[in-house]
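Comments concern the structure below.
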Amino acid sequence: MIDSTNVKATATKGEIEQLCREAIQYGFRCAVVNSFYVKLVAELLKNSNVKVCSTIGFPLGVSLPEIKSFEAVKAVEDGAEKLDMVINLSALKSSDYELVKQDIVAVVNAKRLAKEVIVKVIIETAQLTRDEKVIACKLVSEAGADFVKTSTGLFGGATVEDIKLMRQTVGKNMGVKAAGGIRTYSDAIAMIQAGANRIGTSAAVAIIKGAP
């Protein structure tokens, strides 16, 4: 259930290689990196069961839909099977819900290249009101994405309350990913019990080592 992550702007090639080694060793779901490193990670993980995940529009989400679409297509061509995109918060805050949906659809359309591609949409819960969280979740679902995700981790993290609200809003058949500030085994379990079925964290190894 863990997406092991290194999306730091300062991440070195050596650190990304370590991320991949650990993902294979511990059997994590996927390794999440910025699109710059997707081709490298795809090569490192090609003989393993670990999937490659690329960020899209990270971390602010305010690039044009056409730019996100291009980045998504390039990431899939480079070997990504998962895409974690950032929602357009500016459009959401402006109540331009059609643009928000079009923005997500632009990335979801990358599925045409490979049906197994999974799209997770980061709504940055710490920056939203309760009503905005509900609206965002509904837009993500309507746009055809596979997961709604709490955070980039840069502007606040996941909370149990937000995970419960997200799960309640999208129902049982859509994915909910908790990310941001999840650093211990107990943190991860709390999110799963609240309704998350995926955990995004840069502390994946520490979480596993902290298990009873």
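Since every read-out is calculated from the coordinates, none of them should be taken as a lab result. Source: prediction; values computed, not measured. Glycine also receives a Cβ, built like all others from the backbone with ideal geometry; neighbour counts cover every protein chain displayed.
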Q25 to V105: FRET efficiency via 1/(1 + (r/R0)^6), r the Cβ-Cβ distance, R0 35 Å, to the nearest 0.05?
0.40
Note on the range 139-179: alpha-carbon gyration tensor, axes a ≥ b ≥ c; rule is a/c under 1.5 for rounded, else prolate if a/b larger than b/c, else oblate; result oblate
For the chain, what is the convex hull (Cα atoms) projected area averaged across all directions, in square nanometres?
10.5 nm²
Here, GluC sites (Glu not before Pro) of the range 106-160 satisfying both criteria (DSSP loop; at most 12 other Cβ within 10 Å) are E116
Taking a cut-off of 14 Å between Cα atoms, list the aspartates and glutamates near K82, but don't count ones fewer than 8 places away on the same chain.
D3, E71, E116, D146
Pairs K101/K209; K13/K177; K8/K101; K115/K209: which exceed 31 Å Cα-Cα?
K101/K209; K115/K209
Which lysines have a Cα less than 20 Å from the Cα of K172, not counting those fewer than 8 places away in the same chain?
K120, K133, K138, K149, K164
A chain fully extended from A211 to I192 at 0.36 nm per residue, minus the present Cα-Cα distance, gains in nm 5.4 nm
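I'd like the trypsin sites (Lys or Arg not before Pro) in the range 56-92 restricted to DSSP loop residues with at most 11 other Cβ atoms within 10 Å, sorted by number.
Numbers: sites: K68, K74, K82; in loops: none.
Answer by residue number: there is no such site.
Multiply the residue gap between L64 and L113 by 0.36 nm, knock off their C-alpha separation, and tell me the result in nm, one decimal place. Let's see the in-between values first.
On the way: separation 49, 0.36 × 49 = 17.64 nm, distance 2.06 nm.
Length gained, L64 through L113: 15.6 nm.
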